[in-house]
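Encoded as structure tokens, the structure appears first; notes follow it.
The values are calculated or read from the model by the stated rules, or taken from the named source; none is laboratory data. The structure displayed is predicted, hence computed values, not measured ones. When we count neighbours, we look across all protein chains shown, and the Cβ atoms used for this are built from the backbone with ideal geometry, even at glycine. Areas reflect the complete protein model, heavy atoms only, side chains present, ligands, DNA and RNA absent. Shrake-Rupley method; radii C 1.70, N 1.55, O 1.52, S 1.80 Å.
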Amino acid sequence: MTGSIEQGTSRTHGNTHLLHLLVRIPRPMDQVWPAVSTREGLATWFTTADVLEPRLGGTVTLRDLGSGLVTAWDVDRVAEYTVEAGGRIRFHLERDGEDGTALRFTHEFSGEDDAEPRWRARFERLIRTMQGQGRPSPPSRP
């Protein structure tokens, strides 16, 4: 199995945007979970988490996106962060075949920005990182 980012959906209601992507990662869920739920994991492909309390209601500070709360937390399955400048960022993991993971991603945010190309680049970096290919590039803003 190789990694892939399937065609996503994007909706806009007024000034609120809702982006959904399905990312297939050729690694088991227990290997992908730390990449979306730990300071060290997020730093390898997304952004530096200056603060991350891994629990529902915990504090989170994502560099360049601001501070907020962990608004959903289901160990090994769902990590959701809602932060000042980044909106709501949700990672939902599901088993995908024998050894793969389907990451269902949601980003709800306000503003004029088109975040999809940046998220696609980040998820490509995540797939490469999980496959052990190359060094990750520095993260960019959502």
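General remarks:
- Label-to-label distance, Thr48 versus Thr12, with points set 7 angstrom from Cα along the beta-carbon direction: 3.3 nm.
- Principal semi-axes of the equivalent ellipsoid, √(5λ) from the alpha carbon gyration tensor of the range 59-100, are 25, 10, 7 Å from largest down.
- Debye-sum result for the chain in log10 I(q)/I(0), which assumes one identical scatterer on each alpha carbon, at q = 0.12, 0.13 Å⁻¹: -0.43, -0.51
- Accessible surface of the chain [probe 1.4 Å, protein heavy atoms]: carbon and sulfur percent: 48
- Remark: relative contact order (the range 1-99) = 17 percent; criterion is Cα-Cα distance under 8 angstrom and separation of 6 or more residues.
- Relative intensity, log₁₀ I(q)/I(0), of the range 34-104 from a Debye sum that treats every alpha carbon as a point, q = 0.13, 0.19, 0.22 Å⁻¹: -0.34, -0.69, -0.90
- Of the GluC sites (Glu not before Pro) found in the range 1-109, those that fall in a DSSP loop while having at most 12 other beta-carbon atoms within 10 Å are Glu6, Glu84, Glu98.
- In this structure the chain gives 50 Å² per residue of accessible area when probed at 1.4 Å with all protein chains present.
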